[in-house]
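The values are calculated or read from the model by the stated rules, or taken from the named source; none is laboratory data. From a predicted model like this one, the values you see are computed outputs, not experimental measurements. FYI the Cβ positions are ideal-geometry reconstructions off the backbone, even for glycines, and counts take in every protein chain you see.
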Amino acid sequence: MYHIDMDHLTPLINFYLHGKISSDQNASYSENRGQSLARLSGWKKFCELNHLTNPGLSQLIACLGELTNNSYDHNIGHWHDLPGCYVSWSADKNYIRFGVADRGRGIINSLKPVLENNVDENTIMSTAFEKVVSGRSPEQRGNGLKFIRAQILSSSKHSLFCISANKSYKLGIPDDFDLSQQNYGTFTLINWSIL
Amino acid sequence: MIIKVSRFGDILTSRPEGREAGLVLLSSDLRNYKSSVDINFTGVEVMTPSWLSEFIKTLTSQGISAVNFIESTNVSVTESIRFIEIEKS
């Protein structure tokens, strides 16, 4: 079971909570989608250098593509302040880790208008990852987080942690940490087993 | 007609790029073409359901009668196909 390594996450948390863009060799801020898309090939290269091969390589980069694109798809016109997303990455001999944070409206605020009244926020978080529903309704979209969940569940060694508006969703990870006092933004960690 | 999508890149992830790829085809290879197309994924290294969904919707909304998928061994491709089948059902 993987445990969250907080030391690697300070720049990501600083962006998520405070909008602080830290200079870090293993993190980058993409103000717009074009910058984020251009960086996908670099993140893929990082995975290759850390000995991740297919099928995991294509699965992990696809998950990262869905996560980063979600920041733009669901938050255009809804940024709290800074647009775009901040991505951090690290690796050891067992795991590759990516974190993605944005200061958009968040999963809860995105989905609440398209779900039935009185759905509690924990249910909204699980719905986002487990049922086909989109915050961009009536457009037919909304598979990204379900796709990510399926890739994480393809191995018992992978794990995911996501928090938005103080509600978290976890797969294969025992840890939780408090990123409270914030009702906007989305913060997601993926821990991908190399083995 | 066979369409090789790697002409649009080897990492295909975003909805706007998928829509743009479809529009490019409709104005070139698929101009005045309304029959079915077969999608060849050879050369694609990373794909998401978002790109593929938007690409397919762009083609079918403009009269392409059917889109078929040529078998791929890339898991991000096969998983993307599986998820847009779920979306359609």
Fill in the blank from the handout: Of (1) over 22 Å from residue A:42 (Cβ atoms); (2) surrounded by 21 or more Cβ atoms within 10 Å (Cβ to Cβ); (3) more than 9 Å from chain A (Cβ to nearest Cβ); (4) not hydrophobic (A, V, I, L, M, F, W, C), residue B:18 satisfies every one except (1)
Exercise for the section: Enumerate the pairs (first residue in region A:10-27 and more than 17 Å from residue A:181 (Cα to Cα); second residue anywhere and assigned to a helix (DSSP H, G or I)) with beta-carbon separation below 7 Å, excluding pairs fewer than 6 apart on the same chain, so at least 6 apart or on different chains. Expected result: A:21/A:15; A:22/A:11; A:22/A:14; A:24/A:11; A:27/A:11; A:27/A:12
Problem - residue B:27, sole failed condition from (1) small (Gly, Ala, Ser); (2) more than 11 Å from chain A (Cβ to nearest Cβ); (3) within 13 Å of the chain's Cα centre (by Cα) - result: (3)
Practice task
Quick one: in region B:41-61, of everything that is part of a loop (DSSP other than H, G, I, E, B) and surrounded by 15 or more Cβ atoms within 10 Å (Cβ to Cβ), which residue is farthest from the other protein chains (Cβ to nearest Cβ)?
Solution key: B:41
Problem - Those residues of region B:69-83 which are assigned to a loop (DSSP other than H, G, I, E, B) and within 11 Å of chain A (Cβ to nearest Cβ), in sequence order - result: B:72, B:73, B:74
Exercise for the section: Would you list the strands (runs of 3 or more DSSP E) that sit entirely within region A:117-195 and hold 1 or more residues that are at pLDDT 95 or above and of a type in the set (Val, Ile, Thr)? Expected result: A:186-193
Practice task
Return a yes/no flag: does region B:22-40 have any residue that is within 24 Å of residue A:59 (Cβ to Cβ), assigned to a helix (DSSP H, G or I) and either in contact with a Phe, Trp or Tyr (Cβ under 7 Å, 6 or more places away or on another chain) or modelled with pLDDT under 95 (or both).
Solution key: no
